[in-house]
Amino acid sequence: METDTDLAPAVESILEAARERPGGDEVVDVDARSLPDAVARAEADGRVPVIAEVKPTSPTADGTRDDDPVELAEAMVEGGATAISVLTEPSHFGGSTESLTRIREAVDVPVLRKDFVLREEQLDAVAADLLLLIVRFLEPETLADLVAAARERGFQPLVEVHDRAELETALEAGAEIIGVNNRDLARLEVDLETFESVAPEVPDDVTLIAESGVSSPADVRQMRAAGADALLVGSAIMDHGAGDSDVTENTRRLVEAEDDET
């Protein structure tokens, strides 16, 4: 589990807020749309599987987007997104559980709840298809318990790691969908080699997602060559300040990246 000295101040602030955030009033029961199935459909259609992220703002983004999150999500799906990630963290990312609920009702692709879940009751804040759990922030036993509790509710847990040691912890917890975050949570720096160093150790039957730092078709091709089944992309698609049509085109240029390879 993390200590205060090895996380960036912005990340520690996010965690402090997460520790105080309540959970839901009732245990949720989710009939989830399958991410692995959606990835397979995208592959069959010749599309790069991209999980496009609705992120109004973040500590590492320039500016804020005030667009209707549903319109943004619909624009991403129009551009070919395989799934949608929705920030529900309110104080640092401008997210909300209400936005996720509205988006999930409006689109027909899997929807990931991206937040900082530390306790079981926080699983029940909102229904989604996938739920993010971050190894760095959880004791191994807690992670395993949360993976099991998420599955009991119908969620597909997406377990995020940053290095090989965290990957081992994720696998021991039973993770079947794993994301490798290219952003170092101590310095907030991005290095695509992070994914390249972890990916060879991931079993073939795990759905593997490259997270953070993908901003161009070349980045997409690099991550796919390194073994990414899908890519989670936020800022490069949101392009804070752009319009819905640009969100659609930003998504499409990444989804079609392998078609452009020469």
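The values are calculated or read from the model by the stated rules, or taken from the named source; none is laboratory data. Bear in mind that the values here come from a model prediction, so they are computed numbers and not experimental data. Here Cβ is always computed from backbone atoms with ideal geometry, including for glycine, and neighbour counts include all displayed protein chains. What goes into the accessible areas is simple: the full protein's heavy atoms, side chains included, and nothing from ligands, DNA or RNA. Shrake-Rupley method; radii C 1.70, N 1.55, O 1.52, S 1.80 Å.
Annotations for the structure displayed:
- Hits in segment 8-36 - residues which are open to solvent by 30 Å² or more (accessible area, probe 1.4 Å), touching a Pro at 6+ places or on another chain (Cβ under 9 Å) and modelled with pLDDT of 95 or more: Ala32, Arg33, Ser34
- Positions within segment 188-243 being of a type in the set (A, V, I, L, M) and part of a loop (DSSP other than H, G, I, E, B), in sequence order: Leu188, Leu192, Val202, Val206, Val214, Ala226, Ala228, Ala242
- Among residues of segment 70-94, those that are at pLDDT below 95, open to solvent by 10 Å² or more (accessible area, probe 1.4 Å) and either touching a strand residue (DSSP E or B) at 6+ places or on another chain (Cβ under 8 Å) or assigned to a strand (DSSP E or B) (or both), counted: 2
- Selection of segment 96-110 for residues being farther than 17 Å from Arg47 by Cα and open to solvent by less than 10 Å² (accessible area, probe 1.4 Å) yields Leu100, Ile103.
- Per the conditions (1) more than 21 Å from Ala210 (Cα to Cα); (2) over 15 Å from the mean Cα position of the chain (by Cα); (3) modelled with pLDDT of 95 or more, the sole criterion not satisfied by Leu100 is (2).
- Within segment 1-43, the residues that satisfy the criterion of being over 19 Å from Met76 (Cα atoms), part of a helix (DSSP H, G or I) and without any contact (Cβ under 8 Å) to a residue 24 or more places away in the chain are Asp4, Thr5, Pro9, Glu12, Glu16, Glu20.
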